[in-house]
Amino acid sequence: MKKKSFFRKLLFIGCVVGILLFSAIGVEASQYRLGDIDTDGSVNAADALLALQSAAQINTLEADQIIAADVNKDNAVSAEDALQILMVAAKLDIFRISVELNVDDEAYTIDKIFDSGAYVWNYTLTPDTGLTVIKEVKELPAESPEGETPEQIYTITAQKEGIYQLHFFLCPVGKPEGEAAEEMVFEIYAQVPDSLTPFAISKAFYPQMAQYPFDSGSKEAYAAWHESLDAQKRDLGDTSSLQNFFKQSSAAFLTDTKGANKVYSPLNVYMALSMLAQMTDGESRGQILQLLGSITIDDLRRQANDVWNVSYRDDGAQTCILANSLWLNDKISFRKSTMDTLAHAYYASSYRGEMGSDAFDAALQEWLNQQTGGLLKEQVANIEKMDPSTVLALANTIYFKAKWLEDFDKSKTSFQTFHSPAGEIRTDFMHQRSDTQYYWGDHFTAVAQDFSMDGEMWLILPEEGMRPEELLSDDEALAFISQPQKNNTWTKHVRAYVNKAIPKFDVASQFDLKEALQTLGVTDIFDETKSDFSPLTNDVNDPIAVSKADHAARVTIDEEGCTAAAFTVSNVQIESMPSKEYDFTLDRPFLFCITNDSGLPLFIGVVNTPAK
C-alpha cells in the first residue's frame with residue numbers, strides 16, 4: 001500500500017495593540033536591582049535576572065527586537081512592570097505604543113506612563129493636535145522621606161488615527177527644572193480597533209510623508225514636502241537583474257490569457273519572492289536568488305528594501321504602498337531572527353492566531369481589503385482559506401492611486417467600437433491631443449500617459465493582426481516594456497502631436513503563480529521532499545512546502561486618473577515644436593504597464609475587453 005505523504009502548508013498572500021518597539025543603549029546589568037523594576041511585587045527572581053541580562057545586551061540588537069514577552073516568561077509580570085522593565089532596566093531612548101481608538105472616534109484613554117527617580121518638568125507633542133495629555137500628580141504620604149518626588153501619572157487620549165511623538169524632558173530628583181534634563185520620546189501609533197486587533201503582534205510603521213500642500217503656498221510647506229520625497233530616494237544602481245526578472249515573469253504569467261483580461265504586478269511578486277528567500281535556505285533559496293538575479297541573500301535584502309522605499313508614496317497627492325504581513329500559527333514557534341529581519345527590512349506586520357478558525361481567516365481578508373483600498377473584495381473572498389496544517393501565511397499587497405498630469409475632457413468622451421476577441425463592443429473612449437513622445441518598434445507603437453506627480457502608464461498597441469500576448473515573447477517589445485527612462489534609452493521615438501483615443505477600462509484577474517514559477521526554475525519550495533524552510537522554524541516535524549501561490553490584480557482608469565491594486569496568496573502548503581502628428585487609437589486588444597519614477601513596473605496587463 002502506498003504510504004501517504006504529509007507536509008505542512010505555508011500560505012503566501014500577495015495583493016497592534018500592546019507592543020512596544022524601541023531603540024536603546026547599552027547598560028550594565030549590575031546597575032539595577034529587583035526593586036527598580038518591581039512596583040507591585042509581581043516579578044520573580046528569574047524574570048528579573050532575564051530582564052537585566054536582556055538590558056545589558058540590548059546595545060548589540062536592532063531597534064525593537066526586544067518586546068515585553070522577552071522579560072515575562074511565566075506571565076507573572078504586570079503590564080506596569082513590563083513597561084517599567086523596558087523603561088528603567090533598558091534605559092530606553094525611544095519606544096512606540098500602539099493606541100486604540102473607539103470606532104465612534106470618541107477619545108480613548110490608552111495608557112498610563114509612570115516615572116520614578118526623576119520628575120517631568122516639561123513635555124511637547126508633535127503634531128500638537130489629535131492627542132490630549134492629562135497630568136496627574138499623586139500626593140506624597142506624610143511619612144515620605146525627604147527629597148522624594150510625587151508620582152506623576154500621564155493619561156494619553158487619542159482623537160484620530162495617526163503617528164504622534166510625545167517628548168518628555170526628565171530632571172533627576174533634587175535638581176532644578178531644566179538642569180541635567182534628559183529627553184524621552186514616545187512614538188504613539190493611534191488606530192481604530194478592528195478584527196485584526198486580537199491577533200496583532202507587531203504593526204509596520206511606514207515612513208511619515210509630509211502632505212502635498214494643495215491649499216498652502218508657503219515655502220515651508222513645500223520644503224517639508226520635498227524633504228519627505230527626498231528621504232525616500234535610494235540609489236538602485238544596476239537594475240539589469242530586476243529588468244530580467246520583470247521580463248521573464250511577465251512573459252510567463254501573461255501569455256496564456258485565452259482571450260480574457262489578465263493583470264500582473266511584477267513588484268508585488270518580487271517582494272513576495274524576496275521574503276520567501278529570507279525564510280528558506282539551501283537550493284530552495286538558491287533558486288529564488290537566481291530568478292531575482294541576486295548573488296547573496298544580503299544583496300537581495302538590501303535591494304528589496306531600496307525598492308520598497310523608492311516605490312513608497314503616501315503624500316495625499318499620489319499613493320503607492322507595498323504592504324507585507326506574516327500570519328503565524330499559534331501552535332508553532334518561529335525563529336525570532338528571521339521574523340525580526342522580515343519586520344525591519346520588509347516593513348512586515350505580524351499576526352498570530354488559530355489556523356483554520358473563521359476569525360483568523362476573517363482578519364486576513366480584512367487586512368487584504370484594507371491594504372488594497374477595497375478594490376479586490378471579490379478576489380479576496382475567493383482565496384483559499386487557511387487550514388490547521390498551515391504553518392504561516394505570507395501576505396503581500398500593492399495599492400496605487402494617481403491622477404493624470406492632464407485630465408481627459410469628459411465632454412469629449414464618446415461611444416466607440418472596441419474589437420475584442422469575443423466580438424465588437426461599444427464602450428466609452430476618452431480623447432486627448434497631446435504634445436508628447438511617440439514610440440515604436442518593429443511590431444508595436446506606444447505612448448505614455450503621465451501621472452500628475454511621477455510615473456506613467458505606458459499604452460502599447462500591437463501591429464494589426466498581432467495579439468498583445470505575442471509581444472511578450474518578442475525580445476524588442478519586452479526590452480521596451482522593462483527599460484527605465486525610455487526617453488534617454490529608446491532610440492525609436494519622436495516628439496509629436498498625438499491624438500489619443502483610449503477606452504476607459506476596469507480589468508481584473510486572479511491566477512495561481514505556482515506553475516509559471518516552476519517553469520522559471522523555482523521548484524523546491526513547492527516540493528515537500530526538497531524544500532528547506534529551516535530559517536523559518538524548527539518546531540515542525542513534518543516537511544513544509546508552498547502548496548499554492550494565488551495572485552490577483554485590478555486596474556481601473558477614467559478621465560481623472562488610475563487606481564490599481566494587487567495581492568499574492570500562496571499556500572505553503574528637446575524644446576523644438578513637434579513637426580509630426582499621429583493618431584493613437586486603442587480599439588483592439590493592447591498592453592499597458594504602470595511604472596514609477598524609477599521606471600520599476602508596478603503593474604502590467606493585457607486588455608482584451610475594456611469592460612470588467
Next on the checklist: Quick check for me: using +1 on Lys/Arg Cβ and -1 on Asp/Glu Cβ, what's the dipole size of the range 446-519 about its Cα centre, in debye to the nearest 20?
Outcome noted: 340
Checklist entry - Given the Cα-Cα distance of T124 and D450 and 0.36 nm per residue of separation, how much length would full extension add, in nm? => result 113.1 nm
Item to check | Longest to shortest principal axis, alpha-carbon extents of the range 194-254, angstrom | outcome: 48, 40, 22
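Roughly speaking, what is the stretch gain from E283 to I425, that is 0.36 nm per residue apart minus the C-alpha to C-alpha distance, in nm to one decimal?
46.2 nm
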Checklist entry - How many Å² of accessible area per residue for the range 398-491, probe 1.4 Å? => result 48
Checklist entry - Per the 1.4 Å probe, what fraction of the accessible area of the range 365-413, in percent, lies on carbon and sulfur atoms? => result 48
Item to check | Euclidean distance of C-alpha centroids, the range 425-444 and the range 209-242, integer Å | outcome: 30
Checklist entry - What percentage of all Cα-Cα pairs in the range 222-351 are separated by more than 20 Å? => result 54
Checklist outcome for this item: For the range 295-450, the convex hull over Cα atoms projects on average to an area in nm² of 15.1
Next on the checklist: Past 22 Å, Cα to Cα: identify those pairs from K410/K500; K403/K580; K500/K580; K492/K580; K403/K500, in the order given.
Outcome noted: K403/K580
Checklist entry - Non-local amide H neighbours of D527 (under 5 Å, H modeled in plane, Pro and chain starts lacking H): which ones? => result V546
Checklist entry - Taking the Cβ-Cβ separation of D583 and D299 as r and a Förster radius of 60 Å, what is the calculated FRET efficiency to the nearest 0.05? => result 0.85
Checklist entry - So what is the orientation-averaged projected area of the range 398-525, using the convex hull of its C-alpha atoms, in nm²? => result 10.5
Checklist outcome for this item: Here the FRET efficiency for V133 versus E220, based on Cβ atoms and R0 = 25 Å and rounded to 0.05, is 0.45
Checklist outcome for this item: Lys and Arg at +1, Asp and Glu at -1: neighbours of T296 with Cβ under 13 Å from its Cβ sum to 0
Checklist entry - Over the range 233-301, what percent of the accessible surface lies on carbon and sulfur atoms, probe 1.4 Å? => result 43
Next on the checklist: For the pairs K203/K233; K262/K530; K203/K377, flag any whose C-alpha to C-alpha distance is greater than 25 Å.
Outcome noted: K262/K530
Item to check | Average accessible surface area per residue within the range 256-350, 1.4 Å rolling probe, Å² | outcome: 29
Item to check | In Hz, Karplus ³J(HN,Hα) per residue of the range 602-610 (6.51, -1.76, 1.60; θ = phi - 60°; x = Gly, Pro) | outcome: 7, 9, 9, x, 10, 9, 9, 9, x
Item to check | Computed over the range 434-592, Kirkwood Rh from alpha-carbon pairs, angstrom | outcome: 18.9
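The values are calculated or read from the model by the stated rules, or taken from the named source; none is laboratory data. Please read all numbers here as calculations on a predicted model, not as lab measurements. Neighbour counts run over all protein chains shown; Cβ positions are idealised from the backbone, glycine included. Remember, those area values only see protein heavy atoms, side chains included, never the ligands or the DNA or RNA. Shrake-Rupley method; radii C 1.70, N 1.55, O 1.52, S 1.80 Å.
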